[in-house]
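Here's the structure, in structure tokens; my notes come after.
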Amino acid sequence: MAVDVFELDNVSFAYRGVTALHRVSLTVPAGRRLALLGANGCGKSTLLRILDGLYFADSGTVRYHGAALTEVEFEHDSFSHAFRKRVGLVFQNPDVQLFCPTVFDEIAFGPLQLGWEKDRIRSTVAEALEYFEIADLRDRAPHRLSGGEKKRVALASVLIMNPEVILLDEPTAALDPRSQGQIVHLMKSWEALGKTLVIATHDLHLLAEIADDCIVLDKGRIAGRGTPAEILADETMLRAANLIR
Amino acid sequence: MSEGLHHLVHRRKGFLDRTLGEISHVVDRSFSAELSSANGGFLQQIDARVKMAGAGILIFTAAAAQSHALVIGIWSIAVALALASRLQWRELTTLWTGVLLFSGFIALPAIFLTPGEPWARILGLTITHQGWRTATMLLARVLTTSTLGSVLVSTTPWHQLLRAMRTFRLPVVAVVLIGMTYRYIFLFIQTTLDMLEGRQSRLAGALPAAQRRTMAIATVGVLMSKAFELSSDVHLAMQSRGYRGEVHVLDERPLSAKEWAVLLALALLCGVALWR
């Protein structure tokens, strides 16, 4: 039986009094691909940030491989480094994630902060540029790239650290069909590498390709869970969660 | 800038149109600088650190020179480098026009007010030899240093300039902040353009001045709010990739012996020119 990477027990979170998550409990088994489904503002992004140790639950517990994710834990360099190396978050808006002057610097940022050897960084960045087919963008400024290119650079900047868990916030949102296809192809290739994926999305048509399990969120609460086929068959629940008309 | 936006900018001349025009001008200029820094001319092949140090030496020499000939000589070198680097003549003349007008306005009183030997009289005012010399020297220096600065910026991609700054002992955190500021200024320029375009597309006829001011203030407020939100998200994105309050960057390759020799020779030449 697969080990649980994340365990959430009755997690609640509010932004200045506005509830974003209410008593959410779930587990993320290692090597599985979990899709978080829900309309805009249902709490998907908040949940991903909690899983990435960027936000901390107001109540309830979040565990990563059995260790509680708390602010106190992240104050320890050893814990923080180990966690950041193993869990990566790709933000929905690439402009948030691409803050360096060039694509090369962007991809090298994470490994540099984690203290990798400089030569290893140079060679691994070169490999990542090839893998994501962005070698020609190496010295370009990220703000001059197209949406699809930005997304691939954002993915490369996280994937270079070879995390075991990849958290993806709306990875295919606002992309043209070709770029969307490239991202889906990449996500499918990570399955063979045994990566654990948590994908926030409302693209129901991609669900069967990118997920093994689904959780539907509605106004910060879990409204349903199951396999893609089970979720897509439950039209009443999808309609209530504002995912279909 | 989109064609539609150009059309809007040129069609009317209200506050919003002027703002759109100015913002898009900034974007266009930055983009053309980025293009010219990648066009394969002479200076584009040279390491940014060498260019920055070389420009620094020449600027110092022009500022310290006492002879017009030396300053004009350096200006000629700057122009030759600009042309060898395939910079557009129009860009240079635009720069010089602005510089001459601005510094000419500042230098003008010195022609008449500097005490010395009378040289000529205009409208009952005496121009002195010393005054003329001081004013023309100021103009020559400003022209030369601004040309050197412009050539450096136009032939060097922004990220290479930032790297060069690090080499000259500017703290890493300052360089990273400058880089991020530059990058996000462009994002906000784009956001501002989008907001103003969105508003423009819903306007029918001219608004009263008071309402235009209210709208402008509201736009600033929205942008401020977006800026705070974005800065918070960027910080989270940095944290997510291991940032712990101290930025680490890759080291540059050391300058080669040939590059050091070029810089040394330039410094020596300038030293000799100043001494003579």
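The values are calculated or read from the model by the stated rules, or taken from the named source; none is laboratory data. Just so it is clear, the model here is predicted, and its values are computed rather than measured. In this analysis, Cβ positions are derived from the backbone assuming ideal geometry, glycine residues included, and neighbour counts consider all displayed protein chains.
Tabulated data for the structure shown
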{"quantity": "Selection status of B:Arg212, more than 11 Å from chain A (Cβ to nearest Cβ) and within 30 Å of B:Asp194 (Cβ to Cβ)", "calculated": "yes"}
{"quantity": "B:Gln190 being within 11 Å of chain A (Cβ to nearest Cβ) and closer than 29 Å to B:Arg18 by Cβ", "calculated": "yes"}
{"quantity": "Residues being surrounded by 19 or more Cβ atoms within 10 Å (Cβ to Cβ) and either touching a residue at least 40 places away in the same chain (Cβ under 8 Å) or charged (D, E, K, R) (or both) - total across the range A:115-142", "calculated": "4"}
{"quantity": "From the options B:Arg199, B:Arg163, residue that is closer than 27 Å to A:Ile160 by Cβ and either assigned to a helix (DSSP H, G or I) or within 9 Å of chain A (Cβ to nearest Cβ) (or both)", "calculated": "B:Arg163"}
{"quantity": "Single condition A:Trp116 does not satisfy, out of (1) more than 9 Å from chain B (Cβ to nearest Cβ); (2) at pLDDT 95 or above", "calculated": "(2)"}
{"quantity": "Cβ pairs under 6 Å, 6+ apart, first in the range B:137-155 and in contact (Cβ under 8 Å) with a residue 40 or more places away in the chain, second polar (S, T, N, Q) and not in a helix (DSSP H, G or I)", "calculated": "B:Thr155/B:Ser37; B:Thr155/B:Ser85"}
{"quantity": "Selection status of A:Ser146, at pLDDT below 95, away from every other protein chain (no Cβ under 14 Å) and over 26 Å from A:Trp116 (Cβ atoms)", "calculated": "no"}
{"quantity": "Tally of residues being over 22 Å from B:His25 (Cβ atoms) and loosely packed, with under 14 Cβ neighbours inside 10 Å across the range B:178-234", "calculated": "20"}
{"quantity": "Residue, surrounded by the most Cβ atoms within 10 Å (Cβ to Cβ), within the range B:235-274, restricted to residues that are assigned to a helix (DSSP H, G or I) and charged (D, E, K, R)", "calculated": "B:Glu259"}
{"quantity": "Selection count, the range A:82-98, where residues are free of Cβ contacts under 8 Å to residues at least 12 places away in the same chain and buried (at least 23 other Cβ atoms within 10 Å of the Cβ)", "calculated": "0"}
{"quantity": "Hits in the range A:120-143 (condition: within 13 Å of another protein chain (Cβ to nearest Cβ) and either touching an Asp or Glu at 6+ places or on another chain (Cβ under 6 Å) or not in a loop (DSSP other than H, G, I, E, B) (or both))", "calculated": "A:Arg120, A:Ile121, A:Arg122, A:Ser123, A:Thr124, A:Val125, A:Ala126, A:Asp136, A:Leu137, A:Pro142, A:His143"}
{"quantity": "Selection status of B:Gln66, among the polar types (S, T, N, Q), more than 25 Å from B:Ala218 (Cα to Cα) and either at pLDDT 90 or above or surrounded by fewer than 17 Cβ atoms within 10 Å (Cβ to Cβ) (or both)", "calculated": "yes"}
{"quantity": "Conditions (1) away from every other protein chain (no Cβ under 12 Å); (2) of a type in the set (D, E, K, R); (3) buried (at least 20 other Cβ atoms within 10 Å of the Cβ); number of the one not met by A:Asp105", "calculated": "(1)"}
{"quantity": "Residue satisfying condition, being closer than 29 Å to A:Ser12 by Cβ, touching a Pro at 6+ places or on another chain (Cβ under 9 Å) and away from chain B (no Cβ under 14 Å), within set A:Leu197, A:Leu207, A:Leu217", "calculated": "A:Leu207"}
{"quantity": "Residues of the range B:166-187 satisfying the condition of being touching a residue at least 12 places away in the same chain (Cβ under 8 Å) and within 14 Å of chain A (Cβ to nearest Cβ)", "calculated": "B:Arg166, B:Val172, B:Val173, B:Val175, B:Val176, B:Ile178, B:Gly179, B:Met180, B:Tyr182, B:Tyr184, B:Phe186, B:Leu187"}
{"quantity": "Breaking point among (1) modelled with pLDDT of 80 or more; (2) under 29 Å from A:Lys150 (Cβ atoms); (3) assigned to a helix (DSSP H, G or I), for B:Gln211", "calculated": "(2)"}
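Results for (1) assigned to a strand (DSSP E or B); (2) out of contact with any strand residue (DSSP E or B) (no Cβ under 6 Å at 6 or more places or on another chain); (3) within 30 Å of B:Leu161 (Cα to Cα); (4) modelled with pLDDT of 90 or more, shown as yes or no for each residue.
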| site | (1), (2), (3), (4) |
| --- | --- |
| A:Ser157 | no, yes, yes, yes |
| A:Leu175 | no, yes, no, no |
| A:Ser179 | no, yes, no, no |
| A:Lys188 | no, yes, no, no |
| A:Val198 | yes, no, no, yes |
| A:Arg225 | yes, no, no, yes |
